[in-house]
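Asker: I am attaching a structure below and will ask some questions about it afterwards.
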Amino acid sequence: MRIGLLGCGTVGGGVLKICEERVEGLEVARILVLPGEMEGPLVTHDVAQIVDDPTIDCVVEAMGGLEPAHSFIIRALEAGKSVVTANKAVVAAHFAEFQRVAGAHGCAFMVEATSGGGVPWIASIEKARRVDEIFELRGILNGTSNYIIDAMERGSLTFEAALAQAQELGYAEADPSADIDGIDVANKAIISATVAFGSLCRTTIPRLGMRWLTRDLLDVLAAQGLSVRLMARARQDDGRYAVCVEPVVLAGESVEAHVPKNFNLATLVGATVGELKFYGQGAGALPTGNAIVQDLLDVAAGARPRYATEETLAWDPALLEASYLLKTSAPLPDAAELFPKTGPEDGICLVRGCDPERAGALVREAAEADPHAFCASISPEARSLLGL
């Protein structure tokens, strides 16, 4: 199968290396890059030389961003070429459109590499759904945010120092907003929920980031055997669904609390299979390149997956109701009580029976007086540990 590669940076370079060194039958025939990025006989600066070439069977989009990635994917699908992508932002924004165009032109649109890097997460969801209704998804789906929290906990670093370390190692961008504000995880959660629940997930979901996580708060939690991670949560039940991204307070002995460095850990819960966990590298040239090549091999074997193009389940954030921790110097909400084993001077409160949308509203209200307000849901295991 002849492949057109759009972009040859970290991810595209990984795809090229794996195809050349490890897989027979996959030939990278053309590589689209910006002028000056690389040279060679396969290089082009004109996407038409890929989408209009009848000898190219499949396009790998590894550019990132919304445009021109969106336009190039549509052009490839309309030309009858299957598309494999790792671009979670463009897929989350245009998933239904891509599916409709792919279906109309008899080609495949493959998204394994968008969520979980080298972890076979989307494929595992699809396999589980062949037998089970999937009731719940949750997980650590961003390696950068996990690296920062792990460095804070293990190295007793401040948030700022841990972020700087992540940037030095290339895990975090100069502008880390997508990672620490939960934007990256939200895109992955939208894609994952669409595949798992068989209903298009809305593109705007409740999202709380970890920008204002402090060393002091981690110390308070650690003293009570607790940890925290930035996680996606999703549930469906009785024709309803909800998806959110937020920091989650975890029992210190939980598996999630021990996920190190930039690794991911994703969980699904099915009717007969119960709880399944998937662990591995969530990003990087070769892990993500591996996921793309797995999709390419499936395309070559005739795979043409079809995902939901309509929101057939009703949105109900009450499905994700939890108790929430709120740390702020602003006046505490009326329904709040002090977090266990803390005093008024700590500014940490507990709000029971709150859904993710209400939690977001609490943070916005607190932020009017304290722009550094931090909020996290409390997992069932952590609630048990706290005696709540």
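Asker: Residues of the stretch 357-388 being at pLDDT 95 or above and either of a type in the set (Val, Ile, Thr) or touching a Lys or Arg at 6+ places or on another chain (Cβ under 8 Å) (or both), which ones?
Answerer: Scanning the stretch 357-388 gives Gly360, Val363, Ala373, Phe374, Cys375, Ser377, Ile378.
Asker: Could I ask something else about it? In the list Glu39, Glu24, Glu67, which residue meets the criterion of being modelled with pLDDT of 95 or more, part of a loop (DSSP other than H, G, I, E, B) and out of contact with any Phe, Trp or Tyr (no Cβ under 9 Å at 6 or more places or on another chain)?
Answerer: Glu67
Asker: When only residues in the stretch 70-83 that are crowded, with 24+ Cβ neighbours inside 10 Å and touching a residue at least 60 places away in the same chain (Cβ under 8 Å) count, which is nearest to Gly14 (Cα to Cα)?
Answerer: Going through the qualifying residues, I end up with Ser82.
Asker: Another question, if that's okay. Out of Cys19, Cys8, Cys58, report the one residue that is in the same structural domain as Ala76 (by TED's automatic domain parsing), surrounded by 20 or more Cβ atoms within 10 Å (Cβ to Cβ), under 19 Å from Glu78 (Cα atoms) and in contact (Cβ under 8 Å) with a residue 12 or more places away in the chain.
Answerer: On inspection, the qualifying residue turns out to be Cys58.
Asker: Give the stretch 344-370 a look and list any residue that's more than 23 Å from the chain's Cα centre (by Cα) and touching a residue at least 40 places away in the same chain (Cβ under 8 Å), or say none.
Answerer: Asp346, Ile348, Ala366, Ala369, Asp370
Conditions tested, residue by residue: (1) closer than 19 Å to Gly80 by Cα; (2) not small (Gly, Ala, Ser).
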{"site": "Met1", "(1), (2)": "yes, yes"}
{"site": "Leu6", "(1), (2)": "yes, yes"}
{"site": "Gly13", "(1), (2)": "no, no"}
{"site": "Glu20", "(1), (2)": "no, yes"}
{"site": "Gly25", "(1), (2)": "no, no"}
{"site": "Val33", "(1), (2)": "no, yes"}
{"site": "Gly36", "(1), (2)": "no, no"}
{"site": "His45", "(1), (2)": "no, yes"}
{"site": "Gln49", "(1), (2)": "yes, yes"}
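Asker: Just a yes or no: is a residue in the stretch 84-95 assigned to a strand (DSSP E or B) and either in the same structural domain as Val15 (by TED's automatic domain parsing) or surrounded by fewer than 19 Cβ atoms within 10 Å (Cβ to Cβ) (or both)?
Answerer: Scanning the stretch 84-95, I find at least one residue that is assigned to a strand (DSSP E or B) and either in the same structural domain as Val15 (by TED's automatic domain parsing) or surrounded by fewer than 19 Cβ atoms within 10 Å (Cβ to Cβ) (or both), so the answer is yes.
The values are calculated or read from the model by the stated rules, or taken from the named source; none is laboratory data. Note that the structure is a prediction, hence the values are computed from the model and not measured. For neighbour counting, all protein chains shown are included, and Cβ atoms are generated from backbone atoms with ideal geometry for every residue, glycine included.
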